[in-house]
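> Questions regarding the structure given below will be posed in turn.
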Amino acid sequence: MSKNIDATPHRFPFQYKSDSEGTPQFGLIAEEVAKANPDLVVRDEKGEIYTARYEAVKAMLLNEFLKEHRKVEELEKQIRALTATVQKVNDRQHLSKAAPQVTANN
């Protein structure tokens, strides 16, 4: 993906004929999707943006999610390693303070 998609869902006043309940419809702004990646929208015969290609957007968002998830896993691994290092330093410091210093008086 070249840029981030504004993945904020927006409520649309569209209602399906079969939806007598008036269930709110949500989606993405196709123009915002096109800014991130022009291949993720469908254009009409005039070249105007018609709609987002939701099946492709979902696949791209999943890919981006997985990238971020891998980063989180790596950061968690680094945190565990740093925590262990800090613990070792604290243990050494505690041991050096606890050991009595013996001096010879002549």
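Computed from the coordinates by the stated procedures, all read-outs in this text should not be read as laboratory data. Given the structure is predicted, the values throughout are model-derived calculations rather than measurements. No Cβ is skipped: glycine too gets one built from the backbone with ideal geometry, and neighbour counts run over all protein chains shown.
> Pull up all non-local amide H partners of T51: gap of 5 or more, or a different chain, and H-to-H distance under 5 Å with H placed in the peptide plane.
V42
> Can I ask one more? Using only alpha carbon pairs under 8 Å that are at least six residues apart, calculate the relative contact order of segment 10-69 and give it in whole percent. Please list the in-between numbers first.
Details: 53 pairs, mean separation 12.8, N = 60.
Averaging sequence separation for qualifying contacts and normalising by length gives 21 percent for segment 10-69.
> Taking θ = phi - 60°, what integer Hz values does the Karplus form 6.51 cos²θ - 1.76 cosθ + 1.60 yield along segment 45-61, in sequence order, with x for Gly and Pro?
With the stated coefficients, segment 45-61 comes to 5, 8, x, 7, 5, 9, 7, 7, 8, 4, 5, 6, 4, 4, 5, 5, 5 Hz.
> Now a separate question. From the phi of every residue in segment 33-44, what ³J(HN,Hα) in whole Hz does the Karplus formula 6.51 cos²θ - 1.76 cosθ + 1.60 yield, where θ is phi - 60° and glycine or proline is x?
Values per residue, Gly and Pro as x: 4, 4, 5, 6, 7, x, 6, 9, 10, 9, 10, 7 Hz.
> While we're on this one: Which whole-Hz couplings ³J(HN,Hα) result when phi for each residue of segment 79-93 is put into the Karplus expression 6.51 cos²θ - 1.76 cosθ + 1.60, θ = phi - 60°, listed in order with x for Gly and Pro?
4, 4, 5, 5, 4, 5, 5, 4, 4, 4, 4, 4, 4, 5, 5
> Lysines within cross-link reach of K88: Cα-Cα under 30 Å, excluding same-chain residues under 8 positions apart?
In chain and number order, the partners are K71, K77, K97.
> In nanometres, what is the gap between the two model label sites at L61 and L82, each 7 Å from Cα along Cα-to-Cβ?
Placing both labels 7 Å beyond Cα along the Cβ direction yields 3.1 nm.
> Of the peptides 40-48, 77-85, how do they stack up when ordered by the mean number of other Cβ atoms within 10 Å, highest first? Could the numbers behind the result be given before it?
Numbers: 40-48: 11.9, 77-85: 10.0.
The packing order, highest mean first, is 40-48, 77-85.
> Let me ask something else about it. Using amide H atoms built 1.01 Å from N in the peptide plane, name the residues 5+ places from Q25, or on other chains, whose amide H lies under 5 Å from its own.
F12, F14
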